[in-house]
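Have a look at the structure below before the remarks.
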Amino acid sequence: MQTLAQTLAEYEIELLRVIANRWDVELPRDARRAAQTLGKAMLNREKAAEIWARLSDEQRGALQTLLASPEHKMLAPLFKRLHGEVRPMGGDKLVREKPHLAPASLAEALYYLGLIAYGGGQAFVYVPSDLAPLLPTEKTGYDLSAPPQRTEALASVPEPQGIRTADTSFVDDLTTFLAGCQIEAVPFVAETVPDELREGMQPFFIGAASAVRVAMLVNLALDMGLVTLEIAEKKPTLIKLVPAKARAWLDMPRPAQVRALAEGWQHSRRFNELFHTPTLKPERTGAWQNDPLAARQAICNYLEMVPPNDWWAVDDLLEAIHEEEPDFMRPDGDYESWYIRDAQTNKYLRGFEHWHKVDGAVLRFTLTVPMHALGLVDIADSAKFCRLTPYGRALVGSNDWPPNPPPNSPTEGKPITIDSDGICRAMRATNRYERFQLARCTNWIGGVSSTEGYQYLITAEGIARAKAQGIRVEQVITFLRRVSDNGVPVEIIRQMEAWAAAESQTVSLGQLWVLRLPSEALLDSLLTMPKVRRYFGARLGAQAIAVRADQWQALANALRENNLQVELEQAE
């Protein structure tokens, strides 16, 4: 950081005189010598302490925030928002208007005392590196050790209209997605799956296969290590299952699965809420970037303030964050360099005045879309009101995580039923790993619902697919008997065994010519001629024999050489 001498050397003589007047220093007329004289006086420890004592508590507090920053500097937009701006003035205007006598802000008061300066083309504010250690920061009435006052707990509101209770269908739909990744080539495009594939998922999902929900599902699966990306040169990137990790999650009880997803989302860097907030159009122009964890952490911190079991207004929560921790997403306080447009007007949203349209919108989206989808928050009245679920209370630390159900609980491990038509029914309470395995060796039937569950059909195609995955028919039968409590109809087992037997019998179909002769004796005679019989295949009767398709011309020539007339019959 610049020294005081380097800083003062850049100032006009008029500004040097204003600062010198505040420090009671006489300056020579020459600007270079004036800067040197003022700098020497300001670096006197006793003089610096005297100036420090003249400051108000608010001025000392503003200066302390800067002194506590790395290298005693801070981005100018953040300092401006916290402590006001310094009005730009040339030498003549400075002499005429005398802003130092009635500073418009704390920043302006400190600037005309020479205690702060602007660098990097007005990009940041700093305290000169050799002046900062001389300021007696321990002598202040401004209590920097006091923690910031947290807003009082949010008030409860009466039960609103249009309640949408959160559920745990994200668990079920992720199971379906993992099964799909196991049996099909699933491409990874633009941080998600192609739209046509996503739309094709809807008949097999309990929740909505919306672009946001599927993108979150894909990226959480990647972050949690349940799937990985297979990247090959000149080939599409594919989403591939990681069997060991996927099985570990699939085999968990539902409460443990929800917790794993919630904590996976809390620490996910792949899924970025800013780029999914529907009212915003962020651009990857420039060097700016946001940290998706910051918004989630801010929400989780402030959700400790909400009524644990009651409804509360989303606007109240956002206002509390706006007042106390507005820079949660921008630790450098930069509201100018992010390239984000309003999705409706297409205009750039720069400056702190757009906080509610950008930062507040990301908070609102995070709370009412991802957290609702994960089963953490109930929403109502077009997402104007929220209520934490037991899982949500656990995530923010106000309650324990819901316990896993005991063995043989009706909410877990419900058997799969199989009817005589080969239709298998798996409910949401069926073990997710067992449903995943069932999906690998059957045909999927759409029309899934939270009450009717899932339907799969045992077919020869499904058995062939299982075989391609290294699963024998005998293993499929053993699996079905186990997950159905030995409820597989006999006729279904027989049909599966018949498919397996049929697969072991090879049938071939080829193209042949047939040579027909007027008598059996003539055929017998031809079979004794080496130059003719070499072209014969299997005998087809007393007066006919097969000829390979590529040998008929040679056979016709050989027969003519033995004085036999050959007539060709073309099939119509």
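Every number here is computed from the coordinates shown, using simple stated rules; none is lab data. Note that the coordinates shown come from a computational prediction; the quantities given were computed from them, not determined experimentally. When we count neighbours, we look across all protein chains shown, and the Cβ atoms used for this are built from the backbone with ideal geometry, even at glycine.
Numerical summary
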{"quantity": "Amide H contacts of residue 548 (H built 1.01 Å from N, under 5 Å, at least 5 apart or other chain)", "calculated": "513, 537"}
{"quantity": "Distance between region 325-341 and region 442-493 - C-alpha centres, whole angstrom", "calculated": "53"}
{"quantity": "Within the chain: Cβ-based charge dipole about Cα centre, in debye rounded to nearest 20 (Lys, Arg +1; Asp, Glu -1)", "calculated": "1320"}
{"quantity": "The chain: angle of helix 45-54 to the longest principal axis, Cα-based, in degrees nearest 10", "calculated": "90"}
{"quantity": "Neighbour-count ranking [beta-carbon atoms within 10 angstrom, fewest first] of 389, 65", "calculated": "65, 389"}
{"quantity": "Lysines whose Cα lies under 21 Å from that of residue 47, excluding same-chain neighbours fewer than 8 positions away", "calculated": "139"}
{"quantity": "P(r) histogram, all alpha-carbon pairs of region 4-134 included - 5 Å bins from 0, percent", "calculated": "2, 11, 22, 25, 23, 14, 3, 0"}
{"quantity": "Peptides 368-377, 529-538 ordered by average Cβ neighbours within 10 Å, highest first", "calculated": "368-377, 529-538"}
{"quantity": "Between helix 314-324 and the chain: long-axis angle, C-alpha atoms, 0 to 90°, nearest 10", "calculated": "50"}
{"quantity": "Cα-centred dipole magnitude for region 512-561, charges only on beta-carbon of K, R (+1) and D, E (-1), debye, nearest 20", "calculated": "100"}
{"quantity": "Full-extension gain in nm, residue 197 to residue 36, via 0.36 nm per residue minus C-alpha separation", "calculated": "50.8 nm"}
{"quantity": "Separation of the residue 102 and residue 208 label points, Cα + 7 Å toward Cβ, nm", "calculated": "5.6"}
{"quantity": "Between 0 and 90°, nearest 10: helix 359-368 axis offset from the chain longest Cα axis", "calculated": "40"}
{"quantity": "Inter-label distance for residue 471 and residue 234, nm, one decimal - labels placed 7 Å from Cα along Cα-to-Cβ", "calculated": "3.5"}
{"quantity": "Around residue 537: net Lys/Arg minus Asp/Glu count, Cβ-Cβ under 12 Å", "calculated": "+3"}
{"quantity": "Label-to-label distance, nm, for residues given as residue 47 and residue 24 (7 Å Cα→Cβ offset)", "calculated": "1.1"}
{"quantity": "Long-range amide H partners of residue 312 with built H, under 5 Å", "calculated": "157, 386"}
{"quantity": "Subset of 234/467; 73/281; 235/281; 40/98; 245/281 violating a 27 Å alpha-carbon distance limit", "calculated": "234/467; 73/281; 235/281; 245/281"}
{"quantity": "3J(HN,Hα) from dihedral phi, region 90-102, Karplus parametrisation 6.51/-1.76/1.60, rounded to Hz, x for glycine, proline", "calculated": "x, x, 5, 5, 4, 5, 6, 9, 6, x, 5, 7, 9"}
{"quantity": "Residue list for region 387-418, given a label point 7 angstrom along the Cα-to-Cβ vector of residue 486 and an amide N cut-off under 20 Å", "calculated": "408, 414-418"}
{"quantity": "Residue-wise HN-Hα coupling along region 255-269, computed from phi with Karplus coefficients 6.51, -1.76, 1.60 (Hz; x: Gly, Pro)", "calculated": "x, 5, 5, 4, 4, 4, 5, 4, 6, x, 5, 4, 10, 6, 9"}
{"quantity": "Peptide ranges 321-331, 433-443 listed from the most packed, as the mean C-beta count within 10 angstrom indicates", "calculated": "433-443, 321-331"}
{"quantity": "Efficiency of FRET from Cβ geometry, residue 323 and residue 450, R₀ 35 Å, rounded to 0.05", "calculated": "0.30"}
{"quantity": "Tail weight of P(r) past 36 Å, computed on alpha-carbon pairs of the chain, percent", "calculated": "60"}
